[in-house]
Amino acid sequence: MSPTQFSDEFAGQFHISDEVAGNLPEHDINVITSGGHRIPSHSHILAMASPVLEKFLERPKRNRKTGEKAIPILGVPCDAVSVFVRFLYSNRCTEEEMEKYGIHLLALSHVFSVPKLKQICTKGIAEGLTIENVIDVLQLARLCDAPDLYLKGMKLTASKFKVVEKTEAWRFIQKHDPWLELEILQFIEETELRKRRTKKHKEEQNLYIQLNEAMDCLVHICTEGCTSVGPYDMEPSKKKEPCKRFSTCHGLQLLIKHFATCKKRVNGGCSRCKRMWQLLKLHASMCEQPGNCRVPLCRQFKLKMQQEKKGDDAKWRLLVRKVVSAKTISSLSLSKPQGKTEISKKFHASNLEGCIQCP
């Protein structure tokens, strides 16, 4: 390819004006590809685009007969080298070129330290990840120090591992790249552990939110009264419809009724009464106005806990902190009432024992 032809092609493909293309000086160096093709280039442009090429240009190879200077770029297809050189001139690369030569361009951008091209290649290859090429891309991403591409490849491998392990590429790394195989298996294990931890955390948060709602509901029943239970100095409500403020209200009223009439409670043999005791104690731990509080035994529990600070259970203190934290989170998310409704529907008095005993 002559210098004029290269300049014409460069101008046509990347919309360079004829005036600018005509101002390009005559090429002073050739880029040699694996097929022996020569790409006429300008050393000052290559040096500005790549610090690695700048080092090469300090001592370029010379043809003994003609004396021409050359830089060999071998090991990748000739057309990929051509696209790479054009990018050094224009900072552009078409989608078609990226689809055809993306992997080769990523390798070249890494070797010759062209960060912009590397960024484009990383994004383009990530968008084209498939089950068939993900292992090859992982190997390349590791060699080319492309962490974003590596992470995306790992996530795809982990999510589709049963399919990936049936591919020829997986069988290849089992024989020839055991370190990559180990990294993939470790990533899958860590991903599963992270999912389990996240699930457990969400379940715990839901329980704390349920307990927080139970505390609000208990104050509501003992202060205002509801359908069938209320303060001793207030007539029970004549309304028979379920409480609209708290979905937990009906279950809690049943628990209070049972607590008031249970004969096993004296001997400590009733599990439902134990839950009620725990609810009352939890309320007292959180209550900030025990002197004016109308919840039964609030002040007594408060005084008892102050007297027995040394023997206070660390798990119980942790539970109180978690429920208070859940109350804060719940108040911040009042703009999303659907989430609270969905959680409340799952609440049942039988959940309280597990919540309180397993903070």
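Using R0 = 25 Å, the C-beta based FRET efficiency linking E224 and Q300 works out to 0.70. With θ taken as phi - 60° and the Karplus curve 6.51 cos²θ - 1.76 cosθ + 1.60 applied, the whole-hertz 3J(HN,Hα) list for the stretch 39-56 is 10, x, 9, 10, 4, 5, 6, 4, 5, 5, 7, 9, x, 5, 5, 4, 5, 4 Hz, x standing for glycine and proline.
Taken one residue at a time, the phi angles of the stretch 201-215 give Karplus couplings (6.51, -1.76, 1.60, θ = phi - 60°) of 4, 5, 4, 5, 4, 4, 5, 5, 5, 4, 5, 4, 5, 4, 5 Hz. Gly and Pro are set to x.
The 3J(HN,Hα) values that the Karplus relation (6.51, -1.76, 1.60; θ = phi - 60°) gives for the stretch 108-118 are, in residue order, 5, 5, 6, 5, 9, 6, 10, x, 5, 5, 4 Hz. Gly and Pro appear as x.
Of the listed residues E190, E26, the order by accessible area with a 1.4 Å probe, largest first, is E26, E190.
Near L193: Cβ cut-off under 13 Å, other residues only, Lys/Arg at +1 and Asp/Glu at -1. The net charge is +3.
Under a 5 Å amide H cut-off, with hydrogens placed 1.01 Å from N, E68 pairs with N63 among residues at least 5 apart or on other chains. Modelled spin labels at K55 and L318, positioned 7 Å past Cα toward Cβ, are 5.4 nm from each other.
Could you tell me the calculated FRET efficiency between E192 and D79, based on Cβ-Cβ distance and R0 = 35 angstrom, to the nearest 0.05?
On the way: r = 43 Å, r/R0 = 1.22.
Efficiency, rounded to the nearest 0.05: 0.25.
Hey, which of these cross-link pairs are over 18 Å Cα-Cα: K118/K152; K100/K160; K61/K116; K264/K315?
Values: K118/K152 16 Å; K100/K160 25 Å; K61/K116 27 Å; K264/K315 27 Å.
The pairs that break the limit, which is 18 Å between Cα atoms, are K100/K160; K61/K116; K264/K315.
The values are calculated or read from the model by the stated rules, or taken from the named source; none is laboratory data. Not measured: the values here are computed from a predicted model. Note: ideal-geometry Cβ built from the backbone for every residue, glycine included; neighbour counts use all protein chains shown. Note: areas computed on protein heavy atoms with side chains; ligands, DNA, RNA excluded. Shrake-Rupley method; radii C 1.70, N 1.55, O 1.52, S 1.80 Å.
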